[in-house]
Amino acid sequence: MSDFNWCHGPECHEKHTVDRVRGVKGSKVLRTRKIKITNYNERYWFSYFCSQNCYDNFANKYIQQVIAIAPRTECLETPIEDPKKTTHSHDYSWGRHSYTTTEIKIDETRQT
Ligand SMILES: [Zn+2]
């Protein structure tokens with residue numbers, strides 16, 4: 001197995017950066033970037049894409065095929081307890097400040 005991947009960005013080899021320039025004088029090319037596989041990136045998308053832009057270009061070009069892997073035809077739901085609202089008040093020299101927080105807790109008794 002090789003220790004690198006070529007960037008999968010469909011337009012990676014068209015970006016005008018000096019690190020992509022390869023070849024001998026008179027027959028220079030812009031080449032797809034190579035990504036070294038490390039312990040840090042091996043299980044993640046950034047071992048296949050040199051940049052967020054290349055990742056986005058790939059996802060936009062192949063979105064229908066990507067979605068076909070695991071289509072979502074129905075919404076998913078996570079059971080929660082009734083949300084609990086709490087009002088917090090603090091007195092400062094310049095006056096009272098209050099704000100409301102809402103606690104959302106997973107309802108473990110309704111987990112599937
Ligand atoms: Zn790239």
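Each value in this text was obtained by applying a stated rule to the coordinates, not by laboratory testing. Fair warning: this is a prediction, and the values are worked out from it, not measured in the lab. As a convention, Cβ positions derive from the backbone with ideal geometry for all residues, glycine included, and neighbour counts pool all protein chains shown.
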(message) Which aspartates and glutamates, if any, have their Cα less than 19 Å from the Cα of residue 61, not counting same-chain residues under 8 positions apart?
(response) 11, 14
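Can you give me the relative contact order of the chain as a percent, contacts being Cα pairs under 8 Å and 6 or more apart?
The normalised contact order for the chain reaches 21 percent.
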(request) No other cysteine beta carbon under 4.7 Å away is the test; run it over the chain and list who passes. (result) 54, 75
(message) Can you give me the C-alpha center-to-center distance between the range 75-107 and the range 19-67, rounded to a whole angstrom?
(response) 44
(message) To test your reading of the geometry: what angle, between 0 and 90 degrees and rounded to tens, separates the Cα axis of helix 52-69 from the longest principal axis of the chain?
(response) 80
(message) At a 10 angstrom cut-off on C-beta neighbours, averaged per residue, how do the peptides 53-64, 96-107 rank from highest to lowest?
(response) 53-64, 96-107
(message) Testing the spin-label approximation: label points 7 Å from Cα along Cα→Cβ at residue 81 and residue 39. State their distance in nm.
(response) 4.1
(request) Give me the lysines in straight-line cross-link reach of residue 84: C-alpha distance below 25 Å, same-chain residues under 8 apart excluded. (result) 105
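Rounded to two decimals, what ratio of Rg to Rh does the chain give with C-alpha atoms and a Kirkwood Rh?
Result for the chain is an Rg/Rh of 1.28.
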(message) Would the range 61-112 count as rounded, prolate or oblate if I go by the C-alpha gyration tensor, calling it rounded below 1.5 in a/c and otherwise prolate when a/b exceeds b/c, oblate otherwise?
(response) oblate
(message) Can you show me the helix-derived [θ] at 222 nm for the chain, built from DSSP H runs with n ≥ 4 at -39,500 (n - 2.57) apiece and divided by the number of residues, rounded to the nearest 500.
(response) -5500 deg cm²/dmol
(message) With +1 on the Cβ of every Lys and Arg and -1 on the Cβ of every Asp and Glu, and nothing else charged, how large is the dipole of the chain about its Cα centre, in debye rounded to the nearest 20?
(response) 980
(request) Mind checking the full-extension length gain between residue 22 and residue 103? Use 0.36 nm per residue of separation minus the Cα-Cα distance, one decimal, nm. (result) 23.5 nm
(request) With only alpha-carbon atoms counted, please give the Rg and Dmax of the range 9-73, in Å. (result) 14.9, 54
